[in-house]
């Protein structure tokens with residue numbers, strides 16, 4: 001009877017040890033799968049971030065180019081305005097100089 005009880009205890013211990021080992025293996029497999037998924041997600045996120053960063057840079061470069069073009073156009077208009085004003089003043093200056101020389 002005692003021997004039978006000891007045998008049952010040992011059988012239960014063996015069954016528990018087996019169940020524990022199986023649980024450990026399942027946990028390790030779950031961790032492995034989770035790591036693979038996490039690495040894949042990280043790579044996808046990095047790729048997406050690079051793509052979005054590239055798009056943002058392209059958009060900002062386009063806006064900067066448009067702004068530079070506006071500045072060039074404004075500068076050209078200002079240059080034309082100054083030249084036109086200088087031509088008007090040149091005629092007055094020539095007339096003034098001519099009058100002063102003739103005096």
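The values are calculated or read from the model by the stated rules, or taken from the named source; none is laboratory data. Worth saying up front: this structure is predicted, and the values here are computed from it rather than measured. Note: ideal-geometry Cβ built from the backbone for every residue, glycine included; neighbour counts use all protein chains shown.
Here are some notes:
- Criterion (surrounded by 10 or more Cβ atoms within 10 Å (Cβ to Cβ), assigned to a helix (DSSP H, G or I) and either within 47 Å of the chain's Cα centre (by Cα) or at pLDDT 95 or above (or both)) met by exactly one of 46, 13: 46
- Filter pass, residue 3 being over 22 Å from the mean Cα position of the chain (by Cα), loosely packed, with under 10 Cβ neighbours inside 10 Å and assigned to a helix (DSSP H, G or I): yes
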